[in-house]
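Below you'll find the structure, written out as structure tokens, and then a few comments.
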Amino acid sequence: MASSDPSKRHRPGPWPPIPEPDVVPSSSWAKKTGFKPKLSGETNASDSGQIVMPRGKDQGVVVTPKAVDQSVRQPDLESGRVRVPPTANGVAEIERTQVPVAGVVDKEQPVRRRKESDGGGVPRSGGPVSNGQVRAEPPVVHLGRNEEVIDVLPMIDDDGFVARHSHMKYELRDVPGFVPIGLYGLQHYLSMLGSLILIPLVIVPAMGGNHEDTSIVVSTVLFVSGMTTLLHTNFGSRLPLIQGPSFVYLAPVLAIINSPEFQGLSQNLHEQQLGIMQNFKHIMKELQGAVIISSALQALLGYSGFMSLFSRLINPVVVSPTIAAVGLSFYSYGFPQVGTCLEIGVAQILLVIIFSLYLRKVSVFGHRIFLIYAVPLGLVITWAGAFLLTEAGAYNYKGCDVNVPASNIISEHCRKHVSRMKHCRVDTSHAIHDSPWFRVPYPLQWGTPIFNFKIVFVMCVVSIIASVDSVGSYHASSLLVASRPPTRGVLSRGLGLEGISSVLAGLWGTGTGSTTLTENVHTIAVTKMGSRRAVELGACILILLSLVGKVGGIIASIPVVMVAALLCFMWAMLAALGLSNLRYSEAGSSRNIIIVGLSLFLSLSIPAYFQQYGSTPNADSSVPSYFQPYVVASHGPFRSKYGGLNYVMNTLFSLHMVIAFLIALILDNTVPGSPHERGVYVWSESETARREPAVAKDYELPFRVGKVFRWVKWVGF
């Protein structure tokens, strides 16, 4: 029996009644992406079968059979969804309720009918007041599925896009002042410290470099990251995205480093000349040549407009397994390295987990320092604890010297403990002592690049996959900080500039290309800092720090076991961020479940076949066990009479991300599915961008450069 309370009773609407909408109103996914509702909306179980119910002075309330409209639900801020209020006698309440929003005074949030058109929405107005004027209504808070938002979910405006922006402290074009911008910019980079510095700490020792080489490469990475970030925020996508060495490049670089030809070089050149390992310099020059050529191709594809066409094939169902495979592919390196000193490595992982999960809601002076600085805090605390253990003599063994090579140790007692002395002690590195106070990274500092067509071809494929990663990052970050997603022209412009940035990384010699870091999306959502100027000032600070050689020396002296522990967390988060792209599609669809499941499983199984084919255990003792999966070029199943073709095919099909990308790309674009089921990325139209000043200010090029290139549609609006 329905409630008899007059305040709960539905009040009749005006006469004549307003006709029902022609199309189903778009739900959260469509609103966030700008998807046109004439095609579809989200179709989860609770979102289907929407009907229109009359109410009092505000007409056109959209409800569902099992739930009420989004605006009358209570937000579940933990999961990024909404909780449906309890019903009375089986009838859901559709009266206006208060939605608690942090930092905003609770007000009545009336639900209004949306005008389903490509233009603007219905004016924000309510019923007439006593003086005959129209009363302005406060904006409606629509609670969508934004996993990244911690405190408050973003508001959706009448056009179906994220409103500007109650959940962000600073928006894209905000300039709050020099001091706040500097602090937030530094905070932004510190929260992404692991993504910036960990790749050089892995690849340089693998190439045979010493601590001084590692210090120089780290300083070079910081310098190039700051320089390319400034270029990207001004002449690329103009989103506040940090550029740096992506984990997408790590697996192919390790495969190249462990090629048989370089292993032979490593065995023959053990003598040092002028203090620099010749095998390290040779491999670095090979990588430089490959990165330069492949990145030039990426820039050409971006600025020619080809990427704007290719991006039509790149959707969340393709991006998700591809990026997830990047994180999952390094399982052979992660914990095996942590196991070399369990008490330090496991403690590091536990600290990062505690800070990022159990203490994530703890706020100090309004900042969630444990969530934002989980990685640097865990590193500093673990490093301090390891230092105390080292100074206390926990890793001192009578008659044993950690500086003596393991092959020269005769005592069985010392052989037993040499691994713990090498991996647990924090005083074995001389990087801080050997690093200069001041050093400027310069182009071609390792010598003239070497161009090897086999390695170049592998890197060309990797640069395309790096572009796929960036497409997902552009779309997700734009929904957080900008008024609308960028146009396809801006997308092409950003990818083209990433190619130029990677060319610069190749010239300076970082060992990898420079691209948009996937972790940007998580960092923006956690810090709530979307200011472009803050990222630019942080990039300037990063360039200044790169000139101080001791900074690179400090980073290079991080023990290997701590690096591996941090990488376990970073790779796990990368895999999760990749899968989070599925929120833009219908994740419960059997079509998507099968595509993503096949892509992920085969991305692990097919490379395992290539890595194990024709190999014998411990056949090459010069390669550590955790790098054995990358020694595939010499024993893969491709064995034609063309050695270069064998190298390319065996290497590419041993890379997990390549397999995931190919399978997801083919299946998603050949298996029938509706646009909303596939989660097609929706970008702003050029006409809309020109018509709306907010979009133009967000993405137009500075210094009137855009007017010069106005005729080039694929690099602007």
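The values are calculated or read from the model by the stated rules, or taken from the named source; none is laboratory data. Just so you know, these numbers come straight off a predicted model, no measurement behind them. Every residue, glycine among them, receives a Cβ derived from its backbone with ideal geometry; neighbour counts consider all protein chains shown.
Couple of notes before you dig in:
- Taken over segment 179-237, the residue count meeting the criterion of being not in a helix (DSSP H, G or I) and not polar (S, T, N, Q) is 5.
- Flag for F310 being outside any helix (DSSP H, G or I) and either modelled with pLDDT under 90 or under 30 Å from F601 (Cα atoms) (or both): no
- Lone qualifier among S329, S320 - being of a type in the set (S, T, N, Q), modelled with pLDDT of 85 or more and in contact with a His (Cβ under 7 Å, 6 or more places away or on another chain): S329
- Residues being more than 15 Å from A296 (Cα to Cα), surrounded by 14 or more Cβ atoms within 10 Å (Cβ to Cβ) and of a type in the set (F, W, Y) are represented in segment 437-448 by at least one member.
- Checking each residue in segment 452-496 for being part of a loop (DSSP other than H, G, I, E, B) and either without any contact (Cβ under 8 Å) to a residue 12 or more places away in the chain or of a type outside the set (S, T, N, Q) (or both) picks out A482, R484, P485, P486.
- Boolean, S363 is farther than 12 Å from P559 by Cβ, touching a helix residue (DSSP H, G or I) at 6+ places or on another chain (Cβ under 9 Å) and surrounded by fewer than 20 Cβ atoms within 10 Å (Cβ to Cβ): yes
- Some residue of segment 437-444 being within 30 Å of N315 (Cα to Cα) and among the aromatic types (F, W, Y): no
- When the residues of segment 245-298 are filtered to those that are over 23 Å from I464 (Cα atoms) and of a type in the set (A, V, I, L, M, F, W, C), the one that is modelled with the highest pLDDT is F280.
- Within segment 157-179, residues that are modelled with pLDDT under 50 sit with their Cβ atoms under 8 Å from residues that are of a type in the set (S, T, Y), at 6+ positions apart or across chains, in these pairs: G160/S26; F161/S483; V162/S483; R164/S483.
- Some residue of segment 530-537 being of a type in the set (D, E, K, R) and out of contact with any Pro (no Cβ under 9 Å at 6 or more places or on another chain): no
- The listed residue being among the hydrophobic types (A, V, I, L, M, F, W, C), in a loop (DSSP other than H, G, I, E, B) and either within 18 Å of the chain's Cα centre (by Cα) or under 30 Å from S674 (Cα atoms) (or both), out of A587, A576, A525: A587
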